[in-house]
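**Student:** First, the structure itself, so that you have it in front of you.
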Ligand SMILES: C[S@@+](CC[C@H](N)C(=O)[O-])C[C@H]1O[C@@H](n2cnc3c(N)ncnc32)[C@H](O)[C@@H]1O
């Protein structure tokens with residue numbers, strides 16, 4: 001008979017019984033707010049997440065998809081524990097970051113917002129369907145610095161060693177389901193191998209964050225210990241975070257627990273590579289710039305380029321990155337001659353960056369989203385709420401232009 005590995009772990013914890021009970025969930029629900037898209041509205045009590053200024057816990061019975069804020073990208077549903085790795089990575093504008101296991105993109109978009117429009121975020125993931133979701137999540141959050149690549153880590157390391165200031169390995173793990181010790185051990189071997197194969201991407205002096213959403217020591221503290229034993233130029237960069245626990249081996253890593261923080265179980269550790277050398281960031285051909293963006297964002301640092309009729313905008317580093325990609329920057333739209341109506345997510349990204357827009361009351365915003373015609377809003381104008389949540393573009397039919405599959409009606413605001 002299989003014995004759940006969590007039982008063994010519970011024996012090591014002072015609150016082991018509470019841990020086993022809390023592992024069944026549900027976990028406290030949380031969102032991450034977008035720094036440039038206004039404030040959440042209509043949610044009732046939102047409680048600050050102590051370890052991330054952008055994080056908010058919300059009531060269990062609320063579904064973010066029911067809120068206008070979700071559709072304007074003002075909030076992104078993300079477990080509060082899962083917000084820790086990007087906080088530890090602390091990406092700075094201008095840096096190159098590789099997210100090794102990026103899909104579906106909660107942490108990638110958090111990192112992308114830290115980089116802003118200046119820098120490069122290379123997103124890898126072994127799953128093609130999950131990479132497609134990642135591309136949409138990036139578009140919805142207005143991320144312009146991301147390059148989503150089908151390249152495997154080994155190929156990336158072979159061509160671009162030392163290319164990153166920082167790397168995130170948010171590893172596949174046993175999660176919260178019952179697992180035998182044997183299953184956990186197999187996963188641990190896989191995680192050590194993934195960490196070891198990702199590490200050469202980091203420049204000397206750069207950092208690597210390893211994380212999982214499972215409680216098992218073999219997939220967390222032991223992975224770090226096994227990696228350090230085989231990689232003498234690496235060490236833990238010890239961290240503590242407000243409201244979080246420390247790890248179980250005194251390494252200087254972070255732990256979160258369902259019975260303590262109320263989140264899913266989580267582990268994150270920041271590692272440092274000895275030395276100090278600049279990243280050898282991959283630089284390729286910068287496609288010829290297109291002046292189209294100047295219409296909405298005069299003087300913007302963003303690069304704008306065409307491929308056929310498709311027009312893209314992105315950070316210069318994302319535009320010039322020579323790595324094969326399935327998506328890079330943001331699709332602005334499809335041009336007919338010199339005319340282009342921005343795609344829905346691109347319109348939101350333009351508004352967020354200061355494109356001229358008209359502010360409406362939230363009640364009108366919800367009406368517009370539901371497909372109502374609101375008089376007095378000129379065709380071709382950008383619309384936002386008074387506090388800066390971007391809605392989109394008024395289309396020729398006098399309604400807000402939205403992708404057809406978006407939920408429109410009955411949203412809370
Ligand atoms: C925990 S999930 C990542 C979640 C993601 N970081 C987020 O915050 O939305 C782990 C991911 O690793 C991917 N994966 C598994 N093995 C991989 C490998 N060898 N290289 C790259 N990605 C891998 C899986 O497809 C899965 O999407």
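The numbers here are math on the coordinates, done by the rules we state, and not lab data. This structure is a prediction, so every number in the text was calculated from the model and none was measured. Because the Cβ atoms are built from the backbone with ideal geometry, glycine has one as well, and the counts that use them run over all protein chains shown.
**Student:** Expressed as an acute angle from 0 to 90° and rounded to the nearest 10, what is the orientation of the C-alpha long axis of helix 128-140 relative to the principal long axis of the chain?
**Tutor:** It is inclined by approximately 50 degrees.
**Student:** Cα centroid distance between the range 1-37 and the range 171-202, in Å?
**Tutor:** Centre-to-centre distance over Cα atoms comes out at 18 Å.
**Student:** Using Cα pairs under 8 angstrom and six or more residues apart, how large is the relative contact order of the chain, in percent?
**Tutor:** Once divided by the residue count of the chain, the mean separation gives 16 percent.
**Student:** Something else: Between the range 372-399 and the range 264-322, what is the separation of their alpha carbon centroids in Å?
**Tutor:** 29 Å
**Student:** Largest first, please: the extent of the C-alpha atoms of the chain along each principal axis, to the nearest Å.
**Tutor:** Projected onto its principal axes, the Cα set of the chain covers 66, 48, 36 Å.
**Student:** Give the angle, between 0 and 90 degrees and rounded to the nearest 10, that separates the Cα long axis of helix 221-230 from the longest principal axis of the Cα atoms of the chain.
**Tutor:** 80 degrees
**Student:** Ok, one more. Rounded to the nearest 10 degrees, what's the angle between the helix 106-115 long axis and the longest principal axis of the chain, both from Cα atoms, 0 to 90?
**Tutor:** Roughly 70 degrees between the two axes.
**Student:** Counting only helical runs of four or more DSSP H residues, what would the 222 nm mean residue ellipticity of the chain come to if each run contributes -39,500 (n - 2.57) and the total is spread over all its residues?
**Tutor:** Values: 12 runs with 103 residues, N = 413.
Dividing the helical sum by the residues of the chain leaves -7000 deg cm²/dmol.
**Student:** For the pair residue 7 and residue 190, how long in nm is the line joining their label points, each one 7 Å along Cα→Cβ?
**Tutor:** According to this spin-label approximation, the distance is 2.4 nm.
**Student:** While we're here: Need the C-alpha centroid separation for the range 218-238 versus the range 38-111, integer Å.
**Tutor:** Using only Cα atoms, the two centres lie 28 Å from each other.
**Student:** I want the antiparallel fraction of DSSP beta bridges within the chain, as a percent rounded to 5.
**Tutor:** 65 percent
**Student:** Let me make sure I get this right: for the range 31-81, a, b and c are the square roots of the gyration tensor eigenvalues over alpha carbons, sorted descending. Under 1.5 in a/c it's rounded, otherwise prolate if a/b > b/c, else oblate. Which is it?
**Tutor:** Oblate, since a/c reaches 1.5 and b/c is not below a/b.
**Student:** Just want to confirm a number: the relative contact order over the range 284-413, from Cα pairs under 8 angstrom separated by 6+ residues, in percent.
**Tutor:** Averaging sequence separation for qualifying contacts and normalising by length gives 18 percent for the range 284-413.
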